[in-house]
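Working notes, structure below.
The values are calculated or read from the model by the stated rules, or taken from the named source; none is laboratory data. Just so we're clear, the structure is a prediction, and the values are computed from it rather than from any experiment. Here the Cβ is made from the backbone with ideal geometry for all residues, glycine too, and neighbour counts use every protein chain on show. The protein model used for the area step is the full one, side chains on, heavy atoms only, and it has no ligands, DNA or RNA in it. Shrake-Rupley method; radii C 1.70, N 1.55, O 1.52, S 1.80 Å.
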Amino acid sequence: MAGALRNAGLNIEIHDDHFSQNAQDLEWLTAAGKNDWIVVTRDERIRYRVAEKHAVRRAKVRAFVLAAQGDLRAELLAEIFLKALPKIRRTVKQRKPPFIAKISRDGNVTLLEF
């Protein structure tokens, strides 16, 4: 997915380039907020877990959850993300952090309560 997004001109940071695969969510969410990175995840449960919700709030994280069901190929996930990109950019511009938003398979972006 990262390669397709880079090919589209986006600046992408990959989790595993900065953290171990088993890094705690609190660690990388805090770093994402500190570095002003926009988080893209497939973890739809992130908004329900207490520790992660607190980390998102404390670090002022801007997070987007790719909510496409199933085991989708990276190319399809990138396609969904790029379809939603104008709405993602609008959300980032209009909404102050912290927030969590869902990217649907059809490219819609919806802010989530957390």
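In order along the range 88-96, the phi-based Karplus estimate (6.51 cos²θ - 1.76 cosθ + 1.60, θ = phi - 60°) of 3J(HN,Hα) comes to 4, 4, 5, 4, 4, 6, 8, 10, 6 Hz; Gly and Pro are listed as x. Taking every DSSP beta bridge that has both ends in the chain, the antiparallel portion is near 30%. What percentage of the solvent-accessible surface of the chain, computed with a 1.4 Å probe over protein heavy atoms, is contributed by carbon and sulfur atoms? Whole-percent figure for carbon plus sulfur exposure: 47. Charged side chains reduced to their Cβ positions (Lys and Arg at +1, Asp and Glu at -1) give the chain a dipole of some 700 debye around its Cα centre. Rounded to the nearest 500, the 222 nm mean residue ellipticity of the chain from helices alone is -13000 deg cm²/dmol, with -39,500 (n - 2.57) taken per DSSP H run of at least 4 residues. Taking all protein chains into account, the per residue accessible area for the chain stands at 62 Å² (1.4 Å probe).
For the range 100-112, backbone phi angles converted through the Karplus equation (6.51, -1.76, 1.60; θ = phi - 60°) give residue-by-residue couplings of 10, 10, 9, 9, 7, 4, 7, x, 6, 10, 10, 5, 10 Hz, Gly and Pro being listed as x. For the range 73-114, the relative contact order is 39 percent, taking Cα pairs closer than 8 Å that sit 6 or more residues apart in sequence and dividing their mean separation by the residue count. Phe81 contributes about 20 Å² of solvent-accessible surface, heavy atoms of the protein only, 1.4 Å probe. Across the range 6-15, coupling constants 3J(HN,Hα) worked out from phi with the 6.51/-1.76/1.60 Karplus curve, θ = phi - 60°, read 5, 4, 8, x, 8, 8, 10, 10, 9, 2 Hz, and Gly and Pro carry x. Note on the chain: along the principal axes its Cα atoms extend 30, 29, 27 Å, ordered by decreasing extent.
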